[in-house]
1. For the range 159-203, enumerate the residues that are free of Cβ contacts under 8 Å to residues at least 40 places away in the same chain, assigned to a loop (DSSP other than H, G, I, E, B) and not charged (D, E, K, R).
2. Hey, can you tell me all the residues within the range 83-115 that are under 14 Å from the mean Cα position of the chain (by Cα) and among the polar types (S, T, N, Q)?
3. Got at least one residue in the range 95-106 being of a type outside the set (S, T, N, Q) and surrounded by fewer than 18 Cβ atoms within 10 Å (Cβ to Cβ)?
4. Name every residue in the range 70-94 that is charged (D, E, K, R) and either in contact with a Pro (Cβ under 9 Å, 6 or more places away or on another chain) or open to solvent by less than 10 Å² (accessible area, probe 1.4 Å) (or both), in order of residue number.
5. When only residues in the range 118-128 that are out of contact with any Ser or Thr (no Cβ under 9 Å at 6 or more places or on another chain) and closer than 12 Å to LEU108 by Cβ count, which is surrounded by the fewest Cβ atoms within 10 Å (Cβ to Cβ)?
Amino acid sequence: MTHEENGNHVAHPIFIKSETDEAIHERTARIMREFTAGFELIRNYPRTVSFFGSSRFTETNEHYKHARTLAARIVKDLDYAVITGGGGGIMEAANRGALEAGGQSIGLNIRLPKEQTKNAYTTDGMEFAYFFTRKVALSFAAEGYIFFPGGYGTLDELFELLALIQTRKIRKIPIILIGKDYWEELHDFIRRNIYRNHQAIDEKDMELYTITDDDNEVVEIIKKVPVKPR
């Protein structure tokens, strides 16, 4: 049997399968290496808070300024390490505030063709090829999740954490939403449409997050969380 058609070589199915198996094995191994490296990195920091938010905010933005001062406050008052996605905007602000306060500032960066570049305010970190491995590392064993306004990526991270806590796949850890100007409209939609109109969640599910602009309240919430052994 020939595998030549119209002068073009046609790969034998066995070679195609072999190449596919090799690609699957290589990708799976790479994913496992990222998970292992991410977990080992986070284990070095027994008390952490993860910050999330838009990568597009500049240092003149009010949310950027708030993230910077809040991260510094968490470092000074609680002696916690600050973890972010390692990029710009809110991530840069939180890393910057932690570093300026003399704290541990970790960045878990993602390789993207545009937008995401590593900020200059981290004391430790690593680079990820996959969003989902990075997301798991950001959420692993944190004592609090702090969300500032952001785009699709921020909302994706928020709702995944809410779903994991709601379904008890991870322990109940405070999710704190900073920026009432942004989050209260989303809360109104959740309460009115998801809960009241469609009964798609329980009323208690809206207690899984706290909306506040009060740094004192944030510190008190995090202070009450038992530190989980790594």
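The values are calculated or read from the model by the stated rules, or taken from the named source; none is laboratory data. Here the structure is a predicted model, which is why all the values come from computation and not from measurement. Here the Cβ positions follow ideal geometry from the backbone for every residue, glycine too, while neighbour counts run over all protein chains shown. Protein only, heavy atoms only, side chains kept; ligands, DNA and RNA dropped before computing areas. Shrake-Rupley method; radii C 1.70, N 1.55, O 1.52, S 1.80 Å.
1. The answer is THR167, ILE170, HIS198, GLN199, ALA200, ILE201.
2. Scanning the range 83-115 gives THR84, ASN95, ASN109.
3. Keep residues of the range 95-106 that are of a type outside the set (S, T, N, Q), which gives 96-103, 106.
Remaining after also requiring surrounded by fewer than 18 Cβ atoms within 10 Å (Cβ to Cβ): 100, 102.
Yes, there is a match, as at least one residue in the range 95-106 is of a type outside the set (S, T, N, Q) and surrounded by fewer than 18 Cβ atoms within 10 Å (Cβ to Cβ).
4. Restricting attention to the range 70-94, the residues satisfying the condition of being charged (D, E, K, R) are 73, 76-77, 79, 92.
Scanning the range 70-94 gives no hits.
5. Here is the first cut: in the range 118-128, the residues out of contact with any Ser or Thr (no Cβ under 9 Å at 6 or more places or on another chain) are 118, 120, 126-128.
Applying the additional criterion that residues be closer than 12 Å to LEU108 by Cβ yields 118, 126-128.
Details: LYS118: 19, MET126: 17, GLU127: 15, PHE128: 23.
The qualifying residue surrounded by the fewest Cβ atoms within 10 Å (Cβ to Cβ) is GLU127.
For every residue, the table says whether it meets (1) open to solvent by 90 Å² or more (accessible area, probe 1.4 Å); (2) free of Cβ contacts under 8 Å to residues at least 60 places away in the same chain; (3) more than 14 Å from ILE90 (Cα to Cα).
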residue	(1), (2), (3)
ILE24	yes, yes, yes
THR36	no, yes, yes
GLU40	yes, yes, yes
ARG43	yes, no, yes
PHE52	no, no, no
THR60	yes, yes, no
